1. Which net charge results for the neighbourhood of Phe38, defined as the other residues with beta-carbon distances under 10 angstrom from its beta-carbon, given Lys and Arg at +1 and Asp and Glu at -1?
2. Using the basic label-point model (7 angstrom from Cα toward the beta carbon), what is the Glu15 to Ser40 distance in nanometres?
3. If the limit is 20 Å between Cα atoms, which of Lys87/Lys131; Lys86/Lys148; Lys76/Lys131 go over it?
4. Modelling each spin label as a point 7 Å along the Cα-to-Cβ direction, I'd like the Asp29/Ser150 distance in nm, to one decimal.
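Each reported figure results from applying straightforward, stated rules to the coordinates on display, with no laboratory input. Everything numeric here is computed off the predicted structure, so don't read it as measured data. Cβ sites come from the backbone with ideal geometry, for glycine too, and all protein chains shown count toward neighbours.
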Amino acid sequence: MKELSKKSDYWLPKERLLELKHFVNQWDDMIVARNEIFLSGNKKDPTYCTRNEVKCGLKKNDPTAVRAMKLFYYDKKLDILIKAKKKLETVVYESDEAFLFIMYAIQNQLSYDVTAARPLFDGVAPLSRRKFYEYLRYFYWVLDQVEKESVLEV
């Protein structure tokens, strides 16, 4: 994705854009880790989220509190992604297929051409390249805004 001019409505610094892309890349891992915590009780602890115990000052001898804080952490992160996804869905008016096309590209970190070539879309993109990258930039801009709002809430 080409870097935008600072005059653009959806401009983000290059480093911030990369940070958000890495955050989105962790989407599936966060869902798995959250479900492991939720379903396993206190038996098993995913190695994915040990840093929260240090941040919250929790004692390791209180497994219920540790588990609750870890669930809260993942719920908060997933909520950020879901809010950004819903905002994108309200903007993409072309079709449901166009929205799926964009979300598939976002979740798999794929370009326009690679996404269109996938068998899922039969080599036909449901929207133009310009619109695709505009929506992609919009998603990351919205994700940045939602994440900033969620930091202020806590």
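1. Spelling it out: positives minus negatives among the neighbours equals +1.
2. Taking the simple label geometry, Glu15 and Ser40 are separated by 3.5 nm.
3. Flagged as over cut-off: Lys76/Lys131.
4. Rounded to a tenth, the inter-label distance reads 1.6 nm.
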